[in-house]
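To start, the structure under review is shown below, and the notes come after it.
The values are calculated or read from the model by the stated rules, or taken from the named source; none is laboratory data. The structure displayed is predicted, hence computed values, not measured ones. Glycine gets a Cβ as well: all are built from the backbone with ideal geometry, and neighbour counts include every protein chain shown. With ligands, DNA and RNA removed, areas are computed over all heavy atoms of the protein, side chains included. Shrake-Rupley method; radii C 1.70, N 1.55, O 1.52, S 1.80 Å.
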Amino acid sequence: MRELAGRARQWAAEGRAGVLARPLTERGFGPRRPADALLIDADGRCHGTLYRGAFDRRLADEAAALTASGHGARVCAVFVHDDEVRQARLTCGGQAEILLQPLSAVPARWWELLAEGADAALLTRLDATRTDAVSTVADASSEDPAAAQAHALLHRHRAGRELLPAGDGAVLIETCPAVPHLVIVGAGELADLLQAQARLLDWHATATEDLPRARELLAARPAAACLIVLSHDPGVDVPVLHDALTIGVPYVGALGSRHTQERRTSALLAAGLDGERLRDIHGPIGLDLGARTPAETALAICAEVLGVLAERQP
């Protein structure tokens, strides 16, 4: 969904019509990106990705029918099995209900938040007939159960969709958490491999040996920043660890021997941080996968970051 933000904002600025398509319910298909969606223009062209394009033609036709009907939404069922699975290069067959909604009915703020790379949650309320849908950006201060659920999901830093029953209809909750940003303090082969691994995960990553730059990156988006300290320079590693722990970034990890970790701990305690806060530092860094090479170490570190963001690791 996030990759569609620029195009959606451009179409809105130009007054162009379009339809947003995304799953309400789904079963099967194998591993997939939970925030995938399509934008369909007035000429039936599809932008984005959904089930590797297996249903693009069908969804374009449904989008045209929605525009002609004047309804606020349309839901269509799609399925793929047997030879069609191989043709679409899907892992396995499946079936889904796809919600199609006029682009004009999606709040501009949703696309703004996605373009900024920030946390974003969209609540779409469907009537019982599923021919009307009203979307709003979830307000963190709202007492609405759907909004509360949306922000609980964002707290876990994972994108996804949930369909909840609500009165005479249902609420589709869509969450796009801020894109994780690896702030790598240090240089060399491991820093390069961490950036390469981050690209595979569609994360952001910046490597720097400059303390002011590292501090700037942490402060810019603390909810998305994940600090990885490779530097062993006391004038760099201690201050940047202090900053990350103070502002509460979701992941803090530091590479180094036991002696290096002890030196950092002593310096951070002397700087006023308590022992409870220091337990948030992951060191030795990375999951214990038996990594030996720099590439394996980069994988182990990113796996640990993923587990922490998903609250699957202590």
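Do we have E26 as under 25 Å from H157 (Cβ atoms), modelled with pLDDT under 95 and among the acidic types (D, E) here? Yes; evaluated as a whole, the condition is true for this residue. Just a yes or no: is a residue in the stretch 265-283 in contact with a helix residue (DSSP H, G or I) (Cβ under 9 Å, 6 or more places away or on another chain) and among the polar types (S, T, N, Q)? Yes.
The residue that is farthest from A205 (Cα to Cα), among those in the stretch 154-183 that are assigned to a loop (DSSP other than H, G, I, E, B) and small (G, A, S), is G167.
Against the conditions (1) more than 16 Å from the chain's Cα centre (by Cα); (2) open to solvent by less than 40 Å² (accessible area, probe 1.4 Å), E143 satisfies every one except (2). For the stretch 277-290, a residue qualifies if it is open to solvent by less than 80 Å² (accessible area, probe 1.4 Å), under 25 Å from the mean Cα position of the chain (by Cα) and not small (G, A, S), and the qualifying residues are I281, H282, I285, L287. Could you pull out the residue among L255, L217, L230, L278 that is more than 13 Å from L182 (Cα to Cα) and without any contact (Cβ under 8 Å) to a residue 60 or more places away in the chain? Sole residue among the options that is more than 13 Å from L182 (Cα to Cα) and without any contact (Cβ under 8 Å) to a residue 60 or more places away in the chain: L278.
Of all residues in the stretch 291-304, which are open to solvent by less than 50 Å² (accessible area, probe 1.4 Å) and of a type in the set (G, A, S)? Within the stretch 291-304, A291, A298, A300, A303 qualify. Of all residues in the stretch 289-298, one or more are among the β-branched types (V, I, T), without any contact (Cβ under 8 Å) to a residue 24 or more places away in the chain and under 22 Å from R199 (Cβ atoms). From the list L273, L306, the one residue that fits, being out of contact with any Asp or Glu (no Cβ under 6 Å at 6 or more places or on another chain) and not in a helix (DSSP H, G or I), is L273.
The residue list H81, H47 contains one member that is in contact (Cβ under 8 Å) with a residue 12 or more places away in the chain and touching a strand residue (DSSP E or B) at 6+ places or on another chain (Cβ under 6 Å), which is H47.
Where strands (runs of 3 or more DSSP E) fall entirely within the stretch 14-122, those with at least 1 residues that are open to solvent by less than 20 Å² (accessible area, probe 1.4 Å) and within 13 Å of M1 (Cβ to Cβ) are at 18-28, 37-41, 94-102.
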